[in-house]
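What follows is a short report on a single structure.
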Amino acid sequence: MTTVIEETREVQPAIISYVKDLPNVCSLAGLACTVLAIYFSIVGVYYAAMIGMVWAVAFDWADGLVARKMKGRTGSDRMFGGQLDLVIDIVSYGVTPAILLLSFG
């Protein structure tokens, strides 16, 4: 007697498909502002670094607001967006201020 085991695999979407989600676009815009703030901190243009940090906070606030207002988001969009937001928060509120203070000092 032989048994056949069928595997059921859930197809995961490509990572680029998450860019179509508006809250994720806001999160990535905030990440771009954070990276620019890090760059300007290292170069020594501190006022531009502070402006980048303010814009990063604004985009972080906006992505949460947009995510709560949007209807029709899939579960994978929500999970990916939550993880993306967590990583960007670590960079925005932990790494960038440290680099700014170390560069200024």
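The values are calculated or read from the model by the stated rules, or taken from the named source; none is laboratory data. For clarity, every value in this text was computed on a predicted model and none was experimentally measured. As a convention, Cβ positions derive from the backbone with ideal geometry for all residues, glycine included, and neighbour counts pool all protein chains shown. Just the protein is used for accessible areas: all its heavy atoms, side chains included, with ligands, DNA and RNA removed. Shrake-Rupley method; radii C 1.70, N 1.55, O 1.52, S 1.80 Å.
Details
- Expressed as a whole percent, the accessible surface of the chain that belongs to carbon and sulfur atoms is 70, based on a 1.4 Å probe.
- Gaussian network model of the chain, springs between alpha carbon atoms under 10 Å - residue of I16, I51, I38 with greatest fluctuation: I16
- Taking only the alpha carbons of the chain, we obtain Rg and Dmax values of 18.9, 75 Å in that order.
- W61 paired with V35, simple spin-label distance in nm, labels 7 Å along Cα-to-beta-carbon: 2.5 nm
- Every helix of 4 or more DSSP H residues in the chain counts as -39500 (n - 2.57), and over all residues that averages to -23000 deg cm²/dmol at 222 nm.
- Based on the Kirkwood approach, the hydrodynamic radius assigned to the stretch 35-85 is 12.5 Å, with every pair of different Cα atoms included.
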